[in-house]
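To start, the structure under review is shown below, and the notes come after it.
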Amino acid sequence: MQYSSLHRTRKRRRGECESSRRDCPLLPGDLVRSAEFAIEFACPSVSQARSISAHKYIGPWLSLVERLPRVQEAAGSNPAGPRIFLMETTLLVLAAGMGSRYGGLKQMEPLGSSGETLLDYSVFDAIRAGFRRVVFVIRRDFEEDFRENVGRRFEERVDVGYVFQQLNDLPEGFSVPEGRAKPWGTGHAVWCARTAVDAPFLAINADDFYGRGAIAEVGAFLGDQPVHATEYCMAGYRLDTTLSENGPVSRGVCEVSPDGFLSGIREFTKIALGADGIVSAGVRFVGSERVSLNCWGFTPAVFPGLEGLFSRFLSDHADEEKSEFYLPEAVFGLVSAGQATVRVLPVESRWFGVTYREDRQSVVDSLAALTAIGEYPVPLWG
């Protein structure tokens with residue numbers, strides 16, 4: 001496993017922020033400082049916090065403060081202010097794949113009105129939801145282009161790191177079978193980040209648009225989790241809102257228990273909307289099913305579990321040249337083994353992506369519509 005150092009040295013303050021249970025408080029009316037897991041605002045009121053929100057380490061937390069009525073009510077009236085504990089969370093972006101149907105690096109396709117990519121919107125939404133670090137899982141063969149054209153624009157706004165998904169990054173005792181060229185899949189991509197991520201994290205695809213609300217909901221969930229927790233979450237989108245008019249799509253269709261936890265998941269690779277409705281391999285869907293688009297909330301406790309399942313996958317399927325270790329199936333493997341639970345967050349954010357080249361204009365129009373109603377500024381990083 002190899003990965004690059006962060007662009008900026010992260011000054012870890014383990015003496016102050018060792019605990020995973022958010023030991024760094026946010027105290028309106030106290031000192032402003034940046035620590036590894038939290039920020040404290042030097043503001044007796046939310047209105048004063050707004051005046052300094054342009055600071056790159058303060059602005060992202062402001063929207064969170066403003067969403068908490070108890071903070072607004074107490075700020076200024078209570079000298080000490082309410083104690084709101086915040087922990088650093090990481091955005092893990094799976095960007096190593098190339099679109100076989102689309103052709104080329106989808107991650108770098110300009111789709112916004114000022115040339116933004118879908119990845120730009122995801123990182124923007126994560127930063128304003130309070131995520132303090134982004135780690136990109138990429139391949140070495142396009143590292144230079146990705147750093148120059150994608151990663152660099154984020155470096156002054158958030159800590160940036162890179163992990164390389166490589167065929168030979170395997171559990172001990174395994175080697176790459178002769179003739180294997182295909183990447184091992186999304187489950188492997190997440191596992192490749194095991195030495196680079198040490199806090200609760202949101203894992204997403206680089207070439208999907210997840211929506212502000214979905215990213216914020218997963219972020220709020222992660223903010224309540226200790227670093228070793230084995231209760232994870234996923235954003236569950238309605239199936240009928242995630243289809244393409246230009247061809248079949250792959251989706252992990254979920255079964256959800258009455259109390260909101262993942263109780264089953266099945267990967268369908270050719271879901272299409274036709275005259276007979278939404279179907280895949282003879283299976284008919286009603287459209288309201290919740291599906292996984294690889295928008296998962298994990299803690300670092302997931303890495304050992306993934307390694308065990310990946311080892312089993314390699315033992316059974318390594319010689320199959322096109323076999324893949326899919327993340328949804330891996331996660332449910334942990335659930336089935338009693339090693340984890342997964343809460344399904346029924347998000348209402350709109351998802352869209354460019355599965356086929358013909359999808360491009362629809363995505364451009366959707367981003368323009370969101371911008372027109374004020375969801376995003378123009379330019380995004382202005």
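The values are calculated or read from the model by the stated rules, or taken from the named source; none is laboratory data. Just so it is clear, the structure is predicted and the values come from calculations on it, not from any experiment. All Cβ positions, glycine included, derive from the backbone under ideal geometry; neighbour counts span all protein chains shown.
Quick test for you: out of 236, 213, 185, pick the one residue that is under 20 Å from the mean Cα position of the chain (by Cα) and surrounded by fewer than 19 Cβ atoms within 10 Å (Cβ to Cβ).
Result: 213 is the single residue among 236, 213, 185 that is under 20 Å from the mean Cα position of the chain (by Cα) and surrounded by fewer than 19 Cβ atoms within 10 Å (Cβ to Cβ).
Residues of segment 216-270 being farther than 22 Å from residue 336 by Cα, among the aliphatic types (A, V, I, L, M), touching a Ser or Thr at 6+ places or on another chain (Cβ under 9 Å) and not assigned by TED's automatic domain parsing to the domain that holds residue 324, which ones?
239, 249 - these are the residues of segment 216-270 that are farther than 22 Å from residue 336 by Cα, among the aliphatic types (A, V, I, L, M), touching a Ser or Thr at 6+ places or on another chain (Cβ under 9 Å) and not assigned by TED's automatic domain parsing to the domain that holds residue 324.
Quick check on residue 125: is it assigned to a helix (DSSP H, G or I), in the same structural domain as residue 363 (by TED's automatic domain parsing) and either among the acidic types (Asp, Glu) or crowded, with 19+ Cβ neighbours inside 10 Å (or both)? Steps first, please.
Numbers: assigned to a helix (DSSP H, G or I): yes; in the same structural domain as residue 363 (by TED's automatic domain parsing): yes; either among the acidic types (Asp, Glu) or crowded, with 19+ Cβ neighbours inside 10 Å (or both): yes.
It is true that residue 125 is assigned to a helix (DSSP H, G or I), in the same structural domain as residue 363 (by TED's automatic domain parsing) and either among the acidic types (Asp, Glu) or crowded, with 19+ Cβ neighbours inside 10 Å (or both).
Residue check: is residue 374 free of Cβ contacts under 8 Å to residues at least 40 places away in the same chain, under 30 Å from residue 231 (Cα atoms) and in a loop (DSSP other than H, G, I, E, B)? Even if it seems obvious, please write down each step before you answer.
Details: free of Cβ contacts under 8 Å to residues at least 40 places away in the same chain: yes; under 30 Å from residue 231 (Cα atoms): no; in a loop (DSSP other than H, G, I, E, B): yes.
Considered against the rule, which asks whether it is free of Cβ contacts under 8 Å to residues at least 40 places away in the same chain, under 30 Å from residue 231 (Cα atoms) and in a loop (DSSP other than H, G, I, E, B), residue 374 comes out as no.
Exactly one condition in (1) surrounded by 18 or more Cβ atoms within 10 Å (Cβ to Cβ); (2) in contact with a strand residue (DSSP E or B) (Cβ under 9 Å, 6 or more places away or on another chain) is not met by residue 325; state its number.
Here residue 325 clears every test but (2).
Report yes if residue 130 is at positive phi and surrounded by 17 or more Cβ atoms within 10 Å (Cβ to Cβ), otherwise no.
Details: at positive phi: yes; surrounded by 17 or more Cβ atoms within 10 Å (Cβ to Cβ): yes.
So residue 130 passes the test.
Which of the residues spanning segment 86-121 are in contact with a helix residue (DSSP H, G or I) (Cβ under 7 Å, 6 or more places away or on another chain), part of a helix (DSSP H, G or I) and modelled with pLDDT of 90 or more?
Listed by number, the list holds a single entry, 119.
Please state which one of 354, 342 is touching a residue at least 24 places away in the same chain (Cβ under 8 Å), over 19 Å from residue 248 (Cα atoms) and buried (at least 20 other Cβ atoms within 10 Å of the Cβ). Spell out how you get there, then give the answer.
On the way: 354 fails: over 19 Å from residue 248 (Cα atoms).
None of the other options fit; the residue is 342.
Residues of segment 153-168 being assigned to a loop (DSSP other than H, G, I, E, B) and crowded, with 19+ Cβ neighbours inside 10 Å, which ones?
As a first pass, look at segment 153-168 and keep what is assigned to a loop (DSSP other than H, G, I, E, B): 155-158, 165-168.
Scanning segment 153-168 gives 158, 165.
Counting just the residues of segment 240-288 that are of a type in the set (S, T, N, Q) and assigned to a strand (DSSP E or B), which one comes out surrounded by the fewest Cβ atoms within 10 Å (Cβ to Cβ)? Walk me through it before giving the result.
Here is the first cut: in segment 240-288, the ones of a type in the set (S, T, N, Q) are 241-242, 244, 246, 250, 257, 263, 269, 280, 288.
Going one step further and asking which of them are assigned to a strand (DSSP E or B), we end up with 250, 263, 269, 280.
Numbers: 250: 14, 263: 17, 269: 11, 280: 18.
Filtering segment 240-288 for residues that are of a type in the set (S, T, N, Q) and assigned to a strand (DSSP E or B), the one surrounded by the fewest Cβ atoms within 10 Å (Cβ to Cβ) comes out as 269.
Hey, residue 170 hits all of (1) modelled with pLDDT of 95 or more; (2) at positive phi but one; which does it fall short on?
Going through (1) modelled with pLDDT of 95 or more; (2) at positive phi one by one, residue 170 breaks only (2).
Which condition breaks for residue 293 when tested against (1) within 26 Å of residue 211 (Cβ to Cβ); (2) outside any strand (DSSP E or B); (3) not hydroxyl-bearing (Ser, Thr, Tyr)?
Unmet condition: (2).
Before we move on, is residue 309 closer than 30 Å to residue 179 by Cα, touching a Gly at 6+ places or on another chain (Cβ under 7 Å) and part of a helix (DSSP H, G or I)? Write out each step before concluding.
Details: closer than 30 Å to residue 179 by Cα: yes; touching a Gly at 6+ places or on another chain (Cβ under 7 Å): yes; part of a helix (DSSP H, G or I): yes.
Yes: the conditions hold for residue 309.
For segment 221-230, which positions are modelled with pLDDT of 95 or more and more than 13 Å from the chain's Cα centre (by Cα)? First the steps, then the outcome.
Taking segment 221-230 first, the residues modelled with pLDDT of 95 or more are 221-222, 229-230.
Hits for segment 221-230 are 229, 230.
Quickly run through segment 349-362 and pick out the residues that are out of contact with any Ser or Thr (no Cβ under 9 Å at 6 or more places or on another chain) and not in a helix (DSSP H, G or I). Full working, then the answer.
Taking segment 349-362 as the starting set, the residues that turn out to be out of contact with any Ser or Thr (no Cβ under 9 Å at 6 or more places or on another chain) are 349, 357, 360-361.
The answer is 349, and nothing else.
Might you let me know whether segment 336-344 holds any residue that is in a loop (DSSP other than H, G, I, E, B), at pLDDT 95 or above, within 22 Å of the chain's Cα centre (by Cα) and within 29 Å of residue 228 (Cα to Cα)?
So in segment 336-344, the residues in a loop (DSSP other than H, G, I, E, B) come out as 337-340.
Those left that are additionally at pLDDT 95 or above: 337-340.
Applying the additional criterion that residues be within 22 Å of the chain's Cα centre (by Cα) yields 339-340.
Add one more test, that the residue is within 29 Å of residue 228 (Cα to Cα), and what stays is 339-340.
Yes, some residue in segment 336-344 is in a loop (DSSP other than H, G, I, E, B), at pLDDT 95 or above, within 22 Å of the chain's Cα centre (by Cα) and within 29 Å of residue 228 (Cα to Cα).
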